[in-house]
Amino acid sequence: MTTNLIVQLSVIATDQLFSTPKTCKPSLEMIYLTQHYRNNPEAMNTIPIPVCSDSTPTLPLPTVVTTHRYEVLANHHIFFARQKAQCPLAFCLRLNQPERNPGLWQAELQSKDQPVTFNIAALDSVDLAQVFDHLVRNEKGLANLLKRAELMQVLAKHPSRPYWSSWDPIKALAKSHKVTITKKHTNCLDNYFCFEPQSLPTLCINTASAEDISRHLHILPLETGFADQLSRLLPGSPGRPYWSSWDPIKALAKSYKVTITKKHTNCLDNYFSFAPQPLPSLCINTVSSEELSRHVNIFPLETGEAEKLSHQLSGSPSRPYWRNFKDMTKALRDETQFTILKATQTILAKGFHFNLNPAPPPVPNTVRFLLQQMTVKELRREADKRDLAHKEVKKKADLVRFLSSG
């Protein structure tokens, strides 16, 4: 009547059985069974007694095994009743390979001294909620923590749970709900939960969805506020398709008073990659105001600087005539006292270029930038062409101002 090599039904001498608990608390069932077995000493127990076997060959019924001792794993009340009734034999379910998947058979027999441990990363959300309920009833030290229904529901249904490898992201999540998980809590929870997470895929930061970026950031061992801030900043940035390193992201974060440290990037490097699109170079002389503004906002500039810069560039009457950054900065400084730092010029050079053959001067030429580049003689000739009286105007600056006024 052998079922397989792991378990076997056998008839074993009662005096070869022993139980780790030396006695069994009397119960009505045990009293009843003792009386029944005493009145019927040759009758076998109907339900087998699970016992732990050593590596002896499996023997079919009705073989009586008398050369080894076997530990009773469950149904102790049956064993003690047969022992008390002095029954010579017992019907047993013998485990021949107890070392094979012990957690499974111990859970099936409910004979494990330590609690069953669950992989918190893989447990179904409904089952996880039931485990929490059990712990509320049986672990006083966890009752107040696990009674936080809203937090427990968030934990059970959190999309990043399959990737959790420690209590750190759970602590961070709890902290965001104003709940503190202490070392005492985790020491107790370690008796019931383990971490066997799925492998976390690497995301391309240039193309990943906002949801995936947010999930990734909240899985990693980062400060909750830091992950929240990056989740808001990164997905909506117009420069994201063109990022090739953390440098523009650091600059973007800094403009919002968020600091990305070397420790952060070391962690992020394990889970994010860069595959940027080539950044198109636009002609700053001819690009539309809309395209210019969108392009400027790609760059990692300080908060508000991109808006100011695009406004100044698109609104300058001299823009069609600039030949290089020197022309541009000189014109803007003269027109509106707006200064563009050298570092900003270096950034802009990655996405803008100048027309090698800028537009010809307008007729009449009232562009202050172009007039300033002319000699006094050329300015007076321009005035003559427009039949303007200029003999009383002596200085070049006054001539420029006179001609640019129309």
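Taken together, the values in this text are just the output of simple stated rules run on the coordinates, not laboratory data. Note that the coordinates shown come from a computational prediction; the quantities given were computed from them, not determined experimentally. When we count neighbours, we look across all protein chains shown, and the Cβ atoms used for this are built from the backbone with ideal geometry, even at glycine.
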Estimated 222 nm signal from helices in the chain, with DSSP H stretches of n ≥ 4 weighted -39500 (n - 2.57), rounded to 500: -12000 deg cm²/dmol
In whole Hz, what ³J(HN,Hα) sequence does the stretch 250-264 give by Karplus (6.51, -1.76, 1.60; θ = phi - 60°), x for Gly and Pro? 4, 5, 4, 5, 4, 5, 10, 6, 10, 9, 9, 8, 4, 4, 4
Please list, in chain and number order, the residues 5+ apart from N285 or on another chain whose amide H is under 5 Å from its amide H, with Hs placed from the backbone. N355
Could you tell me which residue out of Q337, T261, N365 lies farthest along the dipole of the chain toward its positive end? Charges go on the beta carbon: Lys and Arg +1, Asp and Glu -1, centred on the Cα centre. N365
Distant-in-sequence amide H partners of F272 (H built 1.01 Å from N, under 5 Å): L203
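How high is the relative contact order of the stretch 203-273? Use alpha-carbon pairs under 8 Å, at least six apart in sequence, and give a whole percent.
Numbers: 47 pairs, mean separation 27.9, N = 71.
About 39 percent, as a whole number.
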Would the stretch 203-273 count as rounded, prolate or oblate if I go by the C-alpha gyration tensor, calling it rounded below 1.5 in a/c and otherwise prolate when a/b exceeds b/c, oblate otherwise? rounded
Label corresponding to Rg/Rh (Cα atoms, Kirkwood Rh) when calculated from the structure given, among (i) 1.39; (ii) 0.95; (iii) 1.08: (i)
Tell me, what HN-Hα J-couplings in whole Hz come from the Karplus equation 6.51 cos²θ - 1.76 cosθ + 1.60 at θ = phi - 60° for each residue of the stretch 148-163, using x for Gly and Pro? 6, 4, 5, 5, 5, 5, 5, 4, 5, 9, 5, x, 8, 4, x, 10
If one compares the long axis through the Cα atoms of helix 325-336 with the longest principal axis of the Cα atoms of the chain, the angle in degrees, nearest 10, works out at 80 degrees
When only C-alpha pairs under 8 Å and at least 6 residues apart count, what is the relative contact order of the chain, in percent? 11 percent
Degrees, to the nearest 10: 210-219 long Cα axis against longest axis of the chain: 50 degrees
Relative to the first principal axis of the alpha-carbon coordinates of the chain, what is the inclination of helix 376-385, with its axis defined by its Cα atoms, in degrees from 0 to 90 and to the nearest 10? 70 degrees
Which residues' amide hydrogens lie under 5 Å from the amide hydrogen of N45, considering only partners 5 or more residues apart or on another chain, with H built in the peptide plane? F91
GNM top mover of L145, L313, L28 - the chain, alpha-carbon springs below 10 Å: L28
Mind listing the phi-derived Karplus ³J(HN,Hα) values for the stretch 164-169, rounded to whole Hz, using 6.51, -1.76 and 1.60 with θ = phi - 60°, and x for any glycine or proline? 5, 10, 7, 7, 4, x
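Could you sort 330-336, 366-372 so that the peptide with the highest average Cβ count within 10 Å comes first and the rest follow in order? Intermediate values should be presented prior to the final figure.
Working: 330-336: 16.3, 366-372: 19.1.
So the peptides 330-336, 366-372, ranked by packing, come out 366-372, 330-336.
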Below 8 Å between Cα atoms, with a sequence gap of 6+, how large is the relative contact order for the stretch 228-375 in percent? 25 percent
